[in-house]
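For reference, the structure is listed below as structure tokens.
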Amino acid sequence: MPPLLDATPALGETADEPHCAELDTVFNGRFRVLRTLQAYAESATILAVDRRTGDEVVIKAVPSQLLTTGSRLRFEHELAVFNEIAAGVPGVIREIGRGVEWWYRVRSFVPGRTLAERLHEGPLNLSESLGIGRNLLSVLQPLHARAVLHRSIKPSNLIVDATGRVNQVALVDGGLWNGVQFETAASDHAGATLYLSPEQAGLIDCEVGEPSDLYLAGLVLFECLAGRHPFVADDNEGSILLQHITAQVPRLRAEYPHVPRAIDEFIQRLLRKDPRDRYQSAQAALADLEQIAAALAGGDPDPNLVLGLSDRRRTLTAPAFISRHRELDELCTHLRLAKEGNGGLVFVAAESGRGKSRLLDELAQRGGEEGFWTLRGQGQHEVGQKPLQLLGGIFDGLTSAVTARPELRDELCSRLGHHAEAVAGAIPELAGVLLPAGAPANVPEAFAEARSIEALATLFEALGSAARPALVILDDCQWADDLVARLIARWQARRLSESQQACHVLLIAGFRSDEIGPEHRFHSLPGTARVDLSPFDADEIRQLVESMAGPLPQQALDVVQRLSDGSPFMASAILYGLVESGALVSAADGWRVEPHKISDMQ
């Protein structure tokens, strides 16, 4: 490594408290060095005073031999761009230059402390976190407009007031400088990999563009609200990289119910694995965050907003959860009743394609936020299915829970009483969960079916308690076999006859109303609540498809609304069809309709 300073000692001999002689050294004939901030084998960062202006600055220097010709040209381009936007943005690059053996970058010194230091004291409140997000996106927007990425958005590169206030935040460092591939490795591998997008780390074959910076912004916002990184921060670089590409980002509301759902969804959208599924621009992300902030300031503690409507996308992404607020509120009322001990059975009915399963997904998420133990079973349309096959997911979830919490076995057996043996007899895979090792699970053949239904109804009721209520979702019950249908009916009959006893279980049975006849027992069970899903109106269809694509031409919207007939499933399928057929084409200024092709859409 060539000597950095015009006088000895060389930079890097001390990282925090420099020798007295170092205070008098001068870098590049202009900057008087105060102290070394960081020193690695391939770069060094120093705090200095610009002798021309008297300003304190931060200098990062890299040996010339580590840079390619392309990197040097890019540095000069980024310097010009940063100079254009420097006014009012503290911490940006002031100068990029070249010495005899070094390239260096000079930025303003921003007094204060890093957000990383502030987060060591705990998470930020909602207002502070919104301020961080709005500041951050406001800085990224003009950078991205000039095709410059920051590439190094992390709490240690965000400076807040020395007292810890975060109403004014400065984003420092960044640009290609932080993305240069040096010939030697960085010193802090695991720490560096915490703040990389999957494409930036080379984990997926996608261009590193604006969504990469937005992914990093999402990591920072998650950490602001949760006080921790969304992935496990260990010392294994490979483990952290694997989490970036495979681990599900935790739902904030599951742990922090005070976080509005819109904020949770906003961060989830920033942190999608595929950059094509994230926000495509800081401008669109900022527009949504401003809308959320305005709704909160207006007194709405949990605004229902459709995100991504202003995002100019070049590809389609998964649709947001649109409308169904009335139906979801009704189901959430039943959740609250079950939590209070007034559980019961609720049917959710809808024609094919009207979003029943998507509604139940949302309900499961709400249940998790409210502390419910959620178990799900799924009907399958196949010939010769096994009896009780729809309940397979329930039994798998029960087995996994007992494996993770062995004390749960005793709780369940205590509530089941003598029915435990009958449950094990009906469901052999539960024998190891409910019975001691080697214990027989015998049920007299003459009474096996009736006793099994009674025992399973008892099991359903035993799943919930005041300490941990249970949400049991059985989807696509139009394909339920007779035993499952009788079990649901028996459980409901028991609830009506034992109405004075507390029940902390909400049983949801979803079915396609166009696939069961009027004579089906589900239509005649007494005392059941029922939620029916109506078709989407034209505005709801528009919100759905624009959450996937961003703003669309009116002609494309007209086709989707006309052909979908109010079905959200058909609306998304038709939109995909328009794109795949070339009738709807992505252009630099948004989506464009090909008139000849769209006129042929059936």
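The values are calculated or read from the model by the stated rules, or taken from the named source; none is laboratory data. Owing to the predicted nature of the structure, the values given are computational and were not obtained by experimental measurement. Cβ atoms come from the backbone with ideal geometry, glycine included; neighbour counts cover every protein chain shown. Remember, those area values only see protein heavy atoms, side chains included, never the ligands or the DNA or RNA. Shrake-Rupley method; radii C 1.70, N 1.55, O 1.52, S 1.80 Å.
Structure values in brief
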item: Considering residues of segment 65-87 that are in a loop (DSSP other than H, G, I, E, B) and either open to solvent by less than 80 Å² (accessible area, probe 1.4 Å) or charged (D, E, K, R) (or both) only, the residue modelled with the lowest pLDDT; result: ALA86
item: Residue tally, condition at positive phi and open to solvent by 40 Å² or more (accessible area, probe 1.4 Å), over segment 117-158; result: 2
item: Residues of segment 159-177 that turn out to be open to solvent by less than 50 Å² (accessible area, probe 1.4 Å) and either assigned to a loop (DSSP other than H, G, I, E, B) or at pLDDT below 55 (or both), as a count; result: 9
item: Subset tally (residues that are hydrophobic (A, V, I, L, M, F, W, C) and either in contact with a strand residue (DSSP E or B) (Cβ under 7 Å, 6 or more places away or on another chain) or modelled with pLDDT of 95 or more (or both)) for segment 584-597; result: 4
item: Filter pass, ALA287 being in a helix (DSSP H, G or I) and in contact with a Ser or Thr (Cβ under 8 Å, 6 or more places away or on another chain); result: yes
item: Subset of segment 118-134 [part of a helix (DSSP H, G or I), over 23 Å from ASP300 (Cβ atoms) and not basic (Lys, Arg)]; result: LEU119
item: Selection within segment 92-122 - closer than 14 Å to VAL160 by Cα and of a type outside the set (S, T, N, Q); result: PHE109, VAL110, PRO111, GLY112, ARG113, LEU115, ALA116, GLU117, ARG118, LEU119, HIS120, GLU121
item: Matching residues, segment 228-249, being at pLDDT 90 or above and touching an Asp or Glu at 6+ places or on another chain (Cβ under 9 Å); result: HIS229, PRO230
item: Candidates ARG366, ARG314, ARG324, ARG354 - the one that is surrounded by fewer than 16 Cβ atoms within 10 Å (Cβ to Cβ) and not acidic (Asp, Glu); result: ARG314
item: Residue count, segment 98-116 (criterion: surrounded by 15 or more Cβ atoms within 10 Å (Cβ to Cβ) and either among the acidic types (Asp, Glu) or modelled with pLDDT under 75 (or both)); result: 1
item: Those residues of segment 372-402 which are under 27 Å from LYS339 (Cα atoms) and surrounded by fewer than 14 Cβ atoms within 10 Å (Cβ to Cβ), in sequence order; result: SER400
item: Meets criteria (out of contact with any helix residue (DSSP H, G or I) (no Cβ under 8 Å at 6 or more places or on another chain) and touching a residue at least 40 places away in the same chain (Cβ under 8 Å)) for ASP213; result: no
item: Any hit, segment 574-593, residues being in a helix (DSSP H, G or I), more than 19 Å from VAL306 (Cα to Cα) and touching a Ser or Thr at 6+ places or on another chain (Cβ under 9 Å); result: yes
item: Where a residue in segment 457-468 is over 15 Å from VAL402 (Cβ atoms) and its partner, wherever it lies, is assigned to a loop (DSSP other than H, G, I, E, B) and open to solvent by less than 30 Å² (accessible area, probe 1.4 Å), with Cβ under 9 Å and at least six apart; result: GLY464/PHE372; ALA466/GLY341
item: Some residue of segment 370-384 being part of a helix (DSSP H, G or I) and among the hydrophobic types (A, V, I, L, M, F, W, C); result: no
item: So PHE266, is it touching a Pro at 6+ places or on another chain (Cβ under 8 Å), under 22 Å from ALA320 (Cβ atoms) and at pLDDT 95 or above; result: no
item: Residues of segment 518-552 that turn out to be surrounded by 15 or more Cβ atoms within 10 Å (Cβ to Cβ), in contact (Cβ under 8 Å) with a residue 24 or more places away in the chain and part of a helix (DSSP H, G or I), as a count; result: 10
item: Within segment 312-350, considering residues that are assigned to a strand (DSSP E or B) and among the β-branched types (Val, Ile, Thr), the one nearest to the chain's Cα centre (by Cα); result: VAL348
item: Enumeration of residues in segment 194-215 that are open to solvent by 20 Å² or more (accessible area, probe 1.4 Å) and assigned to a loop (DSSP other than H, G, I, E, B); result: LEU194, TYR195, LEU196, GLN200, ALA201, GLY202, LEU203, ILE204, ASP205, CYS206, GLU207, VAL208
